1. Before we move on, is residue 175 outside the structural domain of residue 51 (by TED's automatic domain parsing), surrounded by 19 or more Cβ atoms within 10 Å (Cβ to Cβ), modelled with pLDDT of 85 or more and assigned to a strand (DSSP E or B)?
2. Could you check the stretch 1-44 and list, in sequence order, the residues that are over 16 Å from residue 58 (Cβ atoms), small (Gly, Ala, Ser) and part of a helix (DSSP H, G or I)?
3. Any idea which residue in the stretch 126-172 is modelled with the highest pLDDT, counting only those that are of a type in the set (Val, Ile, Thr) and in a helix (DSSP H, G or I)?
4. Show the residue pairs that are 6+ apart or on different chains and have beta-carbon atoms under 6 Å apart, the first residue being within the stretch 13-33 and more than 14 Å from residue 52 (Cα to Cα), the second being in a loop (DSSP other than H, G, I, E, B).
5. Criterion first (at pLDDT 90 or above and either assigned by TED's automatic domain parsing to the domain that holds residue 114 or on the phi > 0 side of the Ramachandran plot (or both)) does residue 192 satisfy it?
6. Would you check which residues across the stretch 35-56 are closer than 15 Å to residue 3 by Cβ and either aliphatic (A, V, I, L, M) or assigned by TED's automatic domain parsing to the domain that holds residue 194 (or both) and list them?
7. For the stretch 46-79, how many residues meet the condition of being surrounded by fewer than 17 Cβ atoms within 10 Å (Cβ to Cβ) and outside any strand (DSSP E or B)?
8. Residue 94 is checked against (1) loosely packed, with under 12 Cβ neighbours inside 10 Å; (2) at pLDDT below 90; (3) not in a helix (DSSP H, G or I) and fails just one. What number does that condition carry?
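The values are calculated or read from the model by the stated rules, or taken from the named source; none is laboratory data. Keep in mind that what you see is a predicted model, and the values were worked out from it rather than measured. Because the Cβ atoms are built from the backbone with ideal geometry, glycine has one as well, and the counts that use them run over all protein chains shown.
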Amino acid sequence: MRSRHHDIADDLRQQITAGSMQPGERLLSEAGLADRYKVSTVTLRKALAVLQGEGLLEKIHGKGNFVRFPHRKILYIGGWGTLDPWTAAEPALRVTVRSTTVQAQAHPAVLLQVPTGSPIVETTCLSHGDESPYGLARIYMPRDLVPAGMLDDDSACRGAVTRFAVLGPPSAALRETVCARPPTPDEASALRIGYASVVLSITRIATDSTGRVVEATLLAFPGDRVDAVFNTHHELDERQTQG
């Protein structure tokens with residue numbers, strides 16, 4: 001049987017998305033809402049927690065629950081593996097970058113197809129817009145393929161990193177696996193989102209012409225702060241082009 005707090009959350013969500021409740025508007029007190037929906041304050045708070053996790057409501061201690069202003073979205077260009085250049089160039093979008101040489105642990109080792117303990121470079125990028133984080137990227141590369149200057153804060157390398165672009169040698173193939181899922185504890189903390197939120201998760205694997213993995217990237221974006229665009233190119237059969 002469907003829980004009552006989900007029905008309440010659905011009703012409030014509909015009012016917010018329809019514009020009946022405007023960004024910045026304060027909701028009735030929790031006691032007032034509980035009375036309106038004929039439920040206990042415990043049930044009412046569960047409903048509010050659902051919408052807070054979705055980013056539709058914000059609870060300010062001592063003041064109440066408010067409809068949140070919608071986040072400005074960034075654009076991820078699938079296939080190219082980068083933020084679009086206009087988004088990445090906006091002064092309001094800042095990216096914190098940290099690169100370090102580490103020994104490959106289980107998951108990165110599997111992604112890069114290298115033995116556990118191999119030297120790799122891990123680059124962590126956290127993008128911020130205004131006060132809210134917009135995306136978290138973890139980029140892994142075999143140590144011998146890391147571009148010169150990447151670990152020395154070279155401006156050209158850092159510019160590519162901040163766009164989450166493929167950093168290593170030109171890749172012959174780029175595979176991206178996309179899914180929507182709850183955030184991991186580390187992602188929830190870094191992106192400042194609730195565990196009930198949804199992130200757009202992209203695992204990107206770049207390989208060279210020999211099939212060697214030159215880069216593996218794990219991307220996580222809060223679902224309400226990104227749009228992803230993927231272009232599909234159809235290769236025509238040679239017989240069709242000669243028709």
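1. Details: outside the structural domain of residue 51 (by TED's automatic domain parsing): yes; surrounded by 19 or more Cβ atoms within 10 Å (Cβ to Cβ): no; modelled with pLDDT of 85 or more: yes; assigned to a strand (DSSP E or B): yes.
No; evaluated as a whole, the condition is false for this residue.
2. The answer is 18, 31, 32, 34.
3. In this case the residue turns out to be 161.
4. Close Cβ pairs (under 6 Å, with a partner that is in a loop (DSSP other than H, G, I, E, B)) amount to 15/21.
5. no
6. 39, 42, 44, 47, 48, 49, 50, 51
7. Initial filter on the stretch 46-79 (surrounded by fewer than 17 Cβ atoms within 10 Å (Cβ to Cβ)): 49, 58-64, 66, 69-73, 75, 78-79.
Adding the requirement that they be outside any strand (DSSP E or B) leaves 49, 61-63, 69-73, 79.
Looking only at that region, the number is 10.
8. For residue 94, the exception is condition (1).
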